[in-house]
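Asks: Quick one: structure below, then a few questions.
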Amino acid sequence: MASGQLSRVEALACSGCRHACHVMLYADTKSQLFGKIPIRHIILMQMRFDGLLGFPGGLVNPAEETLEAGLSRELSEELGVALPMSVEDHVVSCHAPASSPSSSRLITHFYVKKMEEEQIREVERAAASTATDHGQEVLGMVRVPLYTMKGGGGLASFLSHSFIGNARSQLVDSLLRLNLVAPEELHKALVHSVKTHT
Ligand code: GTP
Ligand code: MN
Ligand code: MN
Ligand code: MN
Ligand code: MN
Ligand code: MN
């Protein structure tokens with residue numbers, strides 16, 4: 001296991017740790033941008049209240065709820081849809097870098113869930129209308145552009161934005177692991193995003 005990573009069991013055994021669960025919801029799509037650029041996959045992220053991009057989810061208290069029930073509760077608040085989450089959707093847990101010496105350690109649990117395109121569209125509609133956190137903790141859901149356009153627009157530009165915690169590497173790792181973007185294309189986007197990052 002890579003440094004900083006811990007198993008679900010190890011994570012839950014940590015007394016005095018806080019826990020946060022977030023999920024990457026995605027779907028395949030046949031739709032095309034401008035009728036010619038394949039969009040391939042719809043991946044949902046959100047613009048947070050603090051101006052940073054992150055995944056939907058939030059703090060969970062394992063003394064009161066399972067990690068998955070807590071994640072599902074956060075999704076109800078932030079997306080306006082009660083999506084059941086299962087242990088099988090769990091990908092990785094790791095220690096977040098300490099924000100201040102006094103704050104208790106945070107463990108972040110990351111999940112991935114594949115949906116149908118129409119379900120994702122329903123989530124987007126609910127997130128913008130009935131979700132209680134809309135306009136509060138969550139400023140809006142955004143889709144991740146996976147294509148690369150002339151001049152580097154697309155994925156490279158998206159990766160140049162600012163992300164909360166390690167949400168950016170959670171995204172990049174998932175793109176690779178689930179083969180949602182070809183490794184060479186992802187590599188090029190990463191190199192270009194570093195150049196344009198300010
Ligand atoms: P409150 O209801 O205000 O407590 O917010 P929340 O429960 O929705 O918590 P939030 O989603 O902000 O997540 C809690 C903490 O987890 C944040 O302060 C970040 O440090 C971290 N975090 C938030 N989003 C992500 C993410 O997408 N990935 C990772 N790795 N960490 C995140
Ligand atoms: Mn237009
Ligand atoms: Mn929340
Ligand atoms: Mn949240
Ligand atoms: Mn919360
Ligand atoms: Mn909240």
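The values are calculated or read from the model by the stated rules, or taken from the named source; none is laboratory data. Given the structure is predicted, the values throughout are model-derived calculations rather than measurements. Virtual Cβ from ideal backbone geometry, glycine too; neighbours counted across all protein chains shown. Please note that ligands, DNA and RNA were not included when accessible areas were found on the heavy atoms of the full protein model with its side chains. Shrake-Rupley method; radii C 1.70, N 1.55, O 1.52, S 1.80 Å.
Asks: Over the heavy atoms of MET24, what accessible area does a 1.4 Å probe trace out, to the nearest 10 Å²?
Replies: It works out to around 0 Å².
Asks: So what is the relative contact order for segment 1-95, in percent, with contacts set as C-alpha pairs under 8 Å and at least six apart?
Replies: Averaging sequence separation for qualifying contacts and normalising by length gives 30 percent for segment 1-95.
Asks: Moving on to the next point. What accessible surface, in Å², does a 1.4 Å probe find on HIS19, ignoring ligands, DNA and RNA and rounding to the nearest 10?
Replies: Result for HIS19: roughly 10 Å² accessible.
Asks: In the structure shown, do any of LYS114/LYS150; LYS113/LYS195; LYS30/LYS113 have a Cα-Cα gap over 26 Å, and if so which?
Replies: Over 26 Å Cα-Cα: LYS114/LYS150; LYS113/LYS195.
Asks: Another question, if that's okay. For a protection proxy built on the mean count of beta-carbon atoms within 10 angstrom, sort 119-125, 99-105, 76-82, 145-151 highest first, please.
Replies: 76-82, 119-125, 145-151, 99-105
Asks: Given the protein chains as shown and a 1.4 Å probe, how many square angstrom of PHE34 are accessible, to the nearest 10?
Replies: Looks like 150 Å² after rounding.
Asks: Additional query: Measuring from centroid to centroid over Cα atoms, what is the spacing of segment 143-198 and segment 53-71 in Å?
Replies: If we compute the Cα centre of each part, the gap is 26 Å.
Asks: Multiply the residue gap between ARG18 and ASP173 by 0.36 nm, knock off their C-alpha separation, and tell me the result in nm, one decimal place.
Replies: Fully extending the segment from ARG18 to ASP173 adds 53.4 nm.
Asks: If you don't mind, there's one more thing I want to ask. Between ARG121 and THR66, what is the label-point separation in nm under the 7 Å Cα-to-beta-carbon projection?
Replies: If labels sit at THR66 and ARG121, their model points lie 3.2 nm apart.
Asks: Suppose the chain between HIS161 and VAL91 were pulled fully straight at 0.36 nm per residue; how much longer would it get relative to their current alpha carbon spacing?
Replies: Result: 22.8 nm gained on full extension.
Asks: Rg and Dmax of the chain, using alpha carbons, in Å: what are they?
Replies: For the chain, the Cα radius of gyration and maximum Cα-Cα distance read 16.9, 53 Å.
Asks: Let me understand segment 86-198 better: what is its radius of gyration from the alpha carbons, and its Dmax, in angstrom?
Replies: 16.3, 47
Asks: Along the positive direction of the dipole of the chain (beta-carbon charges: Lys, Arg +1; Asp, Glu -1; about the Cα centre), which of GLN46, ALA11, SER103 reaches farthest?
Replies: Checked the options; the winner is GLN46.
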